[in-house]
Amino acid sequence: MPHNTKYVFVTGGVTSSLGKGIISASLAKLLQSRGYSVTIQKLDPYINVDPGTLNPYEHGECYVTEDGAETDLDLGHYERFLNVHTTQANNVTTGRIYQSVINKERRGEYLGKTVQVIPHITDEIKRRIKLVGTRNKFDVVITEIGGTVGDIESLPYVEAVRQLKYELGPTNSAFVHLTLVPYLAASGELKTKPTQHSVKVMLENGIQPDVLVLRTEHELNVDIRKKVALFCNVNLESVIESIDASTIYHVPLLMLKERLDIIILKKLNLPIGNEPDLKPWKQFLGKLKDPKSVVKIGLVGKYVELPDAYISIMESLIHAGATNQCRVETVSIHSETINRENVAKILGEMNGIIVAPGFGRRGVEGKIEAVKYARESNTPFLGICLGMQCAVIEFARNVLNFPDANSTEMVRSTKHPVIDLMEDQKGITTKGGTMRLGAYPCEIEKGTRAFEAYNKTTIQERHRHRYEFNNEYLEEFKMNGMIASGLNPETDLVEIIEIPSHPWFIGVQFHPEYKSTVVNPHPLFVDFVKAVKKNTT
Ligand code: GLN
């Protein structure tokens, strides 16, 4: 290899949702805190080219990177843990792999060969894995294979990393396999058989895991660990317990206790070095675990049945809560259940209200009612993307007296299109990857609440939308008490709106939630929670 980047491959067995993303992020955090530069890549076995076209009910939130990639929500965890930006290269799907291979075939680049899963698809997978390592020169790349081993979809990935192991050489890769040790309440026993079977599947595919991380609800005693070590051909010290934690942010410390970082560094023949510097992390945890007060924030959205649909917003509120030394209780409220008659009852006990991003008409009227309630009751309000657009529609209807004001996304023929399709979106017909995506600059006007929150005039925030504030109405809004406090300096697109006469009312066309991390809580969320806290007294 032309570089000496080392690779850790993380697979999962027994069931999905065991927390591979959090284990990967925790390991990365520990290695980073020992001075290594680390990144994490997620390989997703589904055939969508990216999750941008997926309904949030499928795999939860679509996370957006600085460079405008629509990605799996695990990348959000990676950024929140590591405080380092990820890119398009950090998330690869089967759809993207096949798309490259098929495009190459159409260009005739396979020179008449039959194109096959092995070697062509596996070669493309390997190329994508190595790309992350070579381009950015990380010491360690942690590649997480989505899904569960044994799934038909995962096979090419498992085969690709099996091949890579030999190409990389013995001390340049390590395999971590995450499984479940279920507890049978009836017999009071922890069961290792599913883990044994899962490792057997790995062995059938030619991979011997180096480390087994066992997810469990109860502590694993040494006999259980010995049994797993014996049946699964790993050292006793490489059997790691991953017990349910009260917060995902505690997991790096649990992994530190289990010496996961040291075992991996030894396997990769890398110096163990100093004790990890986790001071800021522990400070955050300290504040998180010792809140001085509690605030209630209503999160009004339409995908609330699945908490993962708004995971970055939820995590941003946790970060902001810790900074403000209060516990944020986020109450998910289904926007379809809100109407004029019940809105005060539903939102009355909230100290703050967030109206969530979203697409399409379903649930929008409930969101608009929620905005009206927040505006009229002086409850701190944060509108994100569609939430900001709802705030604009509400203001147009109830303050400017345009009762039919709307976004053309909802009613194309509205007489007052206060939110309208962006000019450069007008000719676009395909859905995938065609929104306004990724980081754009925004200039904040001094003296505004937004400026107070950010304490600077130039910011960069991430976007994911097609519609925008219609600037033809800007003057009228301003004259009536809603101002644009942040604009894109090149295009004049409205990025932030606010109502200066309200205690805290801000709508943002971008997604601040994608940029909040443990060591860098987002200033907008921090200021919002501060205002919410004030609203409890
Ligand atoms: N549907 C809106 C748009 O496309 C808002 C998108 C969002 O909330 N992410 O502009």
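What follows is calculated from the coordinates using simple rules that are stated; it is not laboratory data. Just so we're clear, the structure is a prediction, and the values are computed from it rather than from any experiment. Quick reminder, even Gly has a Cβ in these numbers, built from the backbone with ideal geometry, and neighbours come from all protein chains shown.
Of note:
- Computed over the chain, the P(r) tail beyond 37 angstrom holds 35 percent of alpha carbon pairs.
- Once exposed loop GluC sites (Glu not before Pro) are cut out (DSSP; at most 12 other Cβ, 10 Å), longest piece of the chain: 350-489
- Gain upon complete extension [His218, Leu230; 0.36 nm per residue less C-alpha separation]: 2.3 nm
- For the range 216-241, backbone nitrogen atoms closer than 14 Å to the point 7 Å from His250 Cα along Cα-to-C-beta are found at 216-219.
- Taking Cα atoms only, the orientation of helix 523-534 departs from the longest principal axis of the chain by about 60 degrees.
- At full extension, Arg412 and Gln425 could sit 3.2 nm farther apart than now, given 0.36 nm per residue minus the alpha carbon distance.
- When Rg and the Kirkwood Rh are both derived from Cα coordinates, the Rg/Rh ratio for the range 404-459 amounts to 1.12.
- A quarter of the convex hull surface defined by the alpha-carbon atoms of the range 196-294 gives 8.4 nm² as the mean projection.
- The value of relative contact order for the chain, using C-alpha pairs under 8 Å at least six residues apart, is 15 percent.
- For the range 310-407, chymotrypsin sites (Phe, Trp or Tyr not before Pro) are listed when DSSP marks them as loop and at most 12 other Cβ atoms sit within 10 Å of their Cβ; the list is empty.
- DSSP bridge orientation in the chain - percent antiparallel, rounded to nearest 5: 30 percent
- The range 135-163-the range 1-46 distance, computed between alpha-carbon centres (Å): 10 Å
- Applying the criteria of a DSSP loop state and at most 16 other Cβ atoms within 10 Å to the trypsin sites (Lys or Arg not before Pro) of the range 351-410 yields Arg361, Arg362.
- Loop-resident sites, the range 243-304, for trypsin sites (Lys or Arg not before Pro), counting at most 12 other Cβ within 10 Å (DSSP): Lys292
- Computed E for Asn55/Glu109 - FRET, C-beta separation, R0 30 angstrom, nearest 0.05: 0.30
- With the Kirkwood sum run over all distinct C-alpha pairs, the range 4-101 has a hydrodynamic radius of 14.2 Å.
- Tilt relative to the chain, helix 20-33 - C-alpha long axis, 0 to 90 degrees, to 10: 80 degrees
- For the range 211-244 versus the range 303-370, the inter-centroid distance based on Cα atoms is 40 Å.
- Top positive-direction residue, dipole computed over the chain with Cβ charges, set Asn205, Tyr249, Ile353: Asn205
- The C-alpha atoms of the chain define a longest principal axis, and helix 94-106 lies at about 80 degrees to it.
- Alpha carbon convex hull of the range 298-386, volume per residue in cubic angstrom: 89 Å³
- Gained length - Ile243 relative to Asn269, 0.36 nm times residue gap less alpha-carbon distance: 6.6 nm
- Length-normalised contact order for the range 239-339 - Cα pairs under 8 Å, 6+ apart - percent: 27 percent
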